[in-house]
1. Can you tell me what share of the DSSP beta bridges in the protein assembly as shown is antiparallel? A percent to the nearest 5 is fine.
2. Starting at the first residue of the range A:225-235, write each ³J(HN,Hα) from the Karplus equation 6.51 cos²θ - 1.76 cosθ + 1.60 with θ = phi - 60°, in whole Hz, x for Gly and Pro.
3. Cα centroids of the range A:209-278 and the range B:64-120: how far apart, whole angstrom?
4. What FRET efficiency comes out for A:GLU70 versus B:SER71 if R0 is 45 angstrom and r is the Cβ-Cβ distance? Round to the nearest 0.05.
5. With charges only on Cβ, +1 for K and R and -1 for D and E, what is the dipole size of the range A:241-315 about its Cα centre, in debye, rounded to 20?
6. Once you have a ≥ b ≥ c as the square roots of the Cα gyration tensor eigenvalues for the protein assembly as shown, tell me rounded if a/c is under 1.5, and otherwise prolate or oblate according to whether a/b is larger than b/c.
7. Could you go through the range A:104-115 in sequence order and give the Karplus-derived ³J(HN,Hα) for each residue, using 6.51 cos²θ - 1.76 cosθ + 1.60 with θ = phi - 60°, rounded to whole Hz, and x for Gly and Pro?
8. Report the extension gain between A:ILE106 and A:ALA25 in nm, rounded to one decimal, defined as 0.36 nm multiplied by the number of residues separating them, less their alpha carbon distance.
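Nothing in this text is a laboratory measurement; each read-out follows from the coordinates by a stated rule. Just so it is clear, the model here is predicted, and its values are computed rather than measured. All Cβ positions, glycine included, derive from the backbone under ideal geometry; neighbour counts span all protein chains shown.
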Amino acid sequence: MTELTDVAESDLRGIRDLDIDDVLAYVHRDLKRLPDYTELYKRYLRQRWDVYELDFSQDVADWRERMTQEERDAFVGISAGFHHGERQVEVELPVFMLGGSEESKIYMSSQIEDEARHTVFFDRFYREVVGMPGDSVQEVLDASFEHVSETFVGPFGLLAYQADELRKDPEDPAARVRYGTTYFLWIEGVLALSVMKITLTYCRERGFLPGYYTGFTATCRDEARHVQFGMRFLRDSVQEDPRLLLQIHETLRTILAINGAASRRLALESLGWTPEEVRRLMIRQLHMKLTDVGIAIPPDIREMVSRIEPELAGG
Amino acid sequence: MRFFTPEWAEAARAAVDAGPERAGKLPTYWNWIDRARTGYTATWALGVRETGEYLVLRWKDGKCAEAEITSDPSAADYVLAAGADTWRELREGADPGRVVMYRQLRLERGDVLAFFRVIYFFVESLAALSRLRTD
C-alpha cells in the first residue's frame, strides 16, 4: 500500500504510526478532484474512530516528566484554541446543515458528529494529561480559556456571528458562502491544519504524547473530509453563481484584516518552530486551497496574504 | 454610579475613549488597535435585552464623541444586545473576548464582516466600559 492508502485505511492503532506529512498530503490529494458529498459520507463511515479507545497513560508521564515548562506552556497555548474551537464548530455547524442539498445534509450530520468527538478528545487531553480541573465539559473549557489567543477568538467569534446571520435564512447563498469561507477555508483549511502540523511534528520528532498524536492525527484525517467538502461547496457555489466569488473575497478581507493581532507571545520555538516558519506554513495552507480549487483572488487580497503575520507565534 | 444611567453613559464614553490599561499585552497588539481606531466613524448601540435600553456610543474620526442611553437604537450602525446576566458577568471581570466568541453579545443589526474588521478594538472598548465601578 502507498502511504496515502495507509492514511485512508488505517484503524486507530495504525494511525499512531502515520507521519503527519502523509496525512496532510492526503488532505490535499483530492482537492483537485473534490469527491462528492455521498463519497465523503461513505468515507466517514469507514474512518470513524472511538475517542474513548485512546490511551493517555504515556502522555501523562511525558507531560509531567519529559516536557519542559516552556514546552508545556507553548503546547497548551496553541492547542487551547482548538479545545474551544472544536466545541465552537460543533454548536455552530447545525445551522449550516439546514441549507443545501439532501446529500449535503446527510454528509453534514457526520461532520457535526466528528466535531463533537473532537471536542471530547480535547476534553480528555486537557482533563487527563494537562490536569485542568472541572467535572463537566464546560468547566474544563472554562479552565483553558485563559490560554486562547486572538488567533482563535477573532475567527471563531466571526463564525459565531455568521451562524446567527445564517440562522435568519439558512438557504441564503451569500450568507452560506461567507460562513463557508470563514469555516472551511480559514478555520479548517489554514488554522486547523497549521496547528496540527506544528503540534504533531513536535510529538513525532520528540517521541512524546502518543495518545495526543494518535487522536489528533485521526482528527487531521477527519479534517480531510471537512476541507474537501468545504472546498467543493465553495467551488460549486461560485460555478453556479460567479457573483458569490465577491462574498469569498469580502470574507477573506475581514479575516486577513484581523490576522496578526496577538496580545501575547507564544514561545513556539520550544516546539521547534520559528515565527517565519509558521508564517510560511499558514500562507502555504491558504495558497494550496485557493489554487487547487481555482478560487481567484484580486491583487489587494494577494498582498494581504503575503503580509500574513505569524500570529500563532505571537506576532 | 448606577449602571445604564446618563452618568454611567458619560463615564463609559470617557472610558472607551481613553481605552483600557495597556500593561500585560504586546505593543504590537495595541498598534493593531490604534490602526483600527484611526479615523473610525461608526455608532454602536449596546443593549440590555431585558430592559430594552441601549448605550449608544458615537465614534467620529477615532474619538468617542457622544454617549446616551436610549430605547431607540435605530440610528446605530451596529446594534448589539446581551442579557443582564452577561452584563453582570462582564462587570465582575468576565473576559470580553470570550463574551464575543461565545456570542453572548449578539449582533442584532449591522454588517457582520465590517463589524469584525475592528473586533479587538471593540473587545478592548467593552473591557474598558465593563471595568467602570457601579452600584
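1. 75
2. Ordered by residue, 3J(HN,Hα) equals 5, 5, 5, 5, 4, x, 5, 5, 4, 5, 4 Hz.
3. Value for the Cα centre distance between the two parts: 27 Å.
4. Efficiency, from the Cβ-Cβ distance: 0.30.
5. 40
6. Prolate.
7. The phi angles translate into 4, 5, 4, 4, 4, 4, 6, 5, 4, 5, 3, 5 Hz.
8. 26.6 nm
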